[in-house]
Amino acid sequence: MISEVETAMKIGIIGTGYVGLTTGACFASLGNDVLCVDNNEKKIAMLKKGHMPIYEPGLEELVKTNIKENRLAFTTSISDAVKKCEVVFICVNTPPKENGDADLSAVEVVSQAIAKHMTSYRLIVEKSTVPVETGSRVKQTIKVNARKNVNFDVASNPEFLKEGSAIHDFLNPDRVVIGVESKKAEKILRDLYKPLSAPIVVTDIQSAEIIKHASNSFLASKISFINLIARICDRVGADINKVAEGIGLDHRIGKDFLRPGAGFGGFCFPKDLAAFIRIAEKLGVEMKMLKAVAEANEDQKNYFLKMIEDNLWNLKNKTVGVLGLSFKPDTDDIRFAPAIDIILKLEREGVKVRAFDPQAINNARAVLNGTVYAKDSYDAVKGADALVILTEWNEFRQLDFKRIKKLMKRPLVIDGRNIYSPEKMRELGFQYISIGRPTVQ
Ligand code: UGA
C-alpha cells in the first residue's frame, strides 16, 4: 500500500535522466517538495513545460501533475537545490570508459558543487550506479571542498528501476536498500521510503554499492545462462520454453529473467557488468564468471545473425524487414540495443534493412543511416526476403500475418524474441525460426 509521507521533505535531485526524473517525480507524488537539477538548459526548459526528453510510460502525466501541484520544479542551478533541500540525490550519468571502468567525473563535479553550496547539514545520497568505494570518494571530495563546521552525511541508495516500468518499480519495490554511516541518515531515508511499505535493507555504504552491481550481474547471468541452454535446445530439437519453466519453478532459481533472445542490452547490464569486472580486478578478484556472461551475450548476437544468414544463404542485396530497435519494449532507448548491432552487421554485409519501432526510430536515425525507416510493421515487410523480430513490443504480437505474407517476397520469419507460436506460424504458411524452439516445417 502506498501512502503519503508524514512530513514532506525538501529533496534535491541532481541529474534528470531516467533515474533522476523518475525518482524526482515519484518522491513528489508521495507529497515531498522536489527540485530537479540538470546542467542541460534545453532539457530543463522542456521539463518546465511538462515535455519529456525520454519516453517512459506514465512519466509525463506524473511530472505534469506534480508541477501543477507545486511539488515538483526544475532548475539548472545546483546551488538552489543545495540551499533549499536537506536531502540531495546524485543521479548523474556514469557512462562506461573504453576500458570498462565507470566514468565518475560527473559524480566528482557534482560532489564538489554540493560541497561549495552547503551551509548547514545535508544528506548526500548516491543513486547513480557506481562502483564500490565511490561513497568514500564522494565523502572525501565533499570534506575537502566544504566550509568548516558544516555537517553532512553520505549515503548509498541504489535504484532497481527497469526502463519501461520505472514508475511502477519505484512505487512497488521488492526492497529498498540504504547504505548509511549514521543513525540520522538512516532515519531520514527510512522516513522518505516509509509510504511504500517495502522491506528496507539497511547496511554500510560499500555493501549497498555492491548490492547494486551484484544484482545487475546476477540478472545478466541468468539471461546468458538461458541463452546458452537455448542453443543446446536448438541443437537437439528441445523446447527452451519448457526447459525454462521446468527450471524456473524451483523457487531457489525463480522463473523471471529466463527469457532467451538475441542478447541483452540497455545502458545498465552491459556497462554494469564491465564496471563490476573492472573494480573487482582492481581489488584483486578476477570475475571469470562475469566475463563469460558478457562474452556469451556477444556470442548470442552473432548466433542470431548466423541464423539469419543460414536461412537467407547470401545476404548481399537481400531485403530484411526488422521489427524493433529499442533494447526492450516500452522504451525509446537504443543504447547497447542488440537490434542496433545486428542491423549494422547485416547492412555491412549488403542487406537492405527496412525497420519499424513504435518509439525508437528517432534515436536510431543517429546511428543507423543506411536503414529505411518504415511507417508501420506492414510497411517494414514490403518486398522482404525475411522478417526479423528484435524487440518484443506488444503491438508486434498481434499482426495480420495473412497481409504480411502477401507483402513479403518470401514467407520467412526469424524471431529473436520468441513471440509467436511455431504451430500457428506453420499453419499460416511461414517458415518460422525462433531461439531454442523446435523449427516447425
Ligand atoms: C535493469 C534491471 O532490471 C533494473 O533492476 C536496474 O535498476 C536497471 O537495469 C539499472 O541498473 O538501472 P533495464 O536495463 O531497464 O533494467 O531492463 P531489463 O528489463 O532488466 O532488461 C535488460 C535487458 O535484458 C534487455 O535487453 C532485455 O531484453 C533483456 N532480457 C531481460 C532478456 O533478454 N531476457 C530476460 O529474461 C530478461
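The values are calculated or read from the model by the stated rules, or taken from the named source; none is laboratory data. All figures in this text were calculated on a predicted structure; none of them were measured in a lab. In this analysis, Cβ positions are derived from the backbone assuming ideal geometry, glycine residues included, and neighbour counts consider all displayed protein chains.
All conditions but one from (1) surrounded by fewer than 21 Cβ atoms within 10 Å (Cβ to Cβ); (2) under 30 Å from Glu295 (Cβ atoms); (3) modelled with pLDDT of 95 or more apply to His168; the one that does not is (2).
Looking only at the stretch 242-262, decide whether some residue is within 11 Å of the ligand (Cβ to nearest atom) and of a type in the set (Val, Ile, Thr). There is no residue in the stretch 242-262 that is within 11 Å of the ligand (Cβ to nearest atom) and of a type in the set (Val, Ile, Thr). The criterion of being aliphatic (A, V, I, L, M), more than 30 Å from Met1 (Cα to Cα), away from the ligand (no atom under 16 Å from the Cβ) and crowded, with 20+ Cβ neighbours inside 10 Å holds for Ile308. Listed by position, the helices (runs of 4 or more DSSP H) inside the stretch 276-378 whose residues that are over 24 Å from the mean Cα position of the chain (by Cα) number at least 3 are 288-312, 338-348. Taken as a whole, the condition of being among the aromatic types (Phe, Trp, Tyr), farther than 16 Å from Leu290 by Cα and either modelled with pLDDT under 95 or surrounded by fewer than 18 Cβ atoms within 10 Å (Cβ to Cβ) (or both) does not apply to Phe218.
The rows are residues; the columns are (1) surrounded by 15 or more Cβ atoms within 10 Å (Cβ to Cβ); (2) more than 18 Å from Asn39 (Cβ to Cβ); (3) without any contact (Cβ under 8 Å) to a residue 60 or more places away in the chain.
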| site | (1), (2), (3) |
| --- | --- |
| Glu69 | no, yes, yes |
| Val88 | yes, no, no |
| Glu98 | no, yes, yes |
| Ser105 | no, no, yes |
| Val110 | yes, no, no |
| Thr129 | yes, yes, no |
| Arg137 | yes, yes, yes |
| Val144 | no, yes, yes |
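Considering only residues in the stretch 150-167 that are among the aliphatic types (A, V, I, L, M) and within 8 Å of the ligand (Cβ to nearest atom), the one that is nearest to Lys184 (Cα to Cα) turns out to be Leu161.
Across the stretch 378-406, the qualifying residues are those that are within 17 Å of Ala339 (Cα to Cα) and of a type in the set (S, T, N, Q), and the one among them that is nearest to the ligand (Cβ to nearest atom) is Thr391. Considering the stretch 362-371, and only residues there that are closer than 26 Å to Gly164 by Cβ and more than 16 Å from the ligand (Cβ to nearest atom), the residue that is surrounded by the fewest Cβ atoms within 10 Å (Cβ to Cβ) turns out to be Ala366. Need pairs with beta-carbon distance below 6 Å; first residue more than 14 Å from the ligand (Cβ to nearest atom) and within the stretch 196-213, second assigned to a helix (DSSP H, G or I); sequence gap 6+ or separate chains. Listed pairs, sorted by first residue: Val202/Glu186; Ile205/Gly135. Among residues belonging to the stretch 270-296 that are in contact (Cβ under 8 Å) with a residue 60 or more places away in the chain, within 11 Å of the ligand (Cβ to nearest atom) and out of contact with any Pro (no Cβ under 6 Å at 6 or more places or on another chain), point out the one that is farthest from Thr331 (Cα to Cα). For the stretch 270-296, the residue satisfying everything is Asp272.
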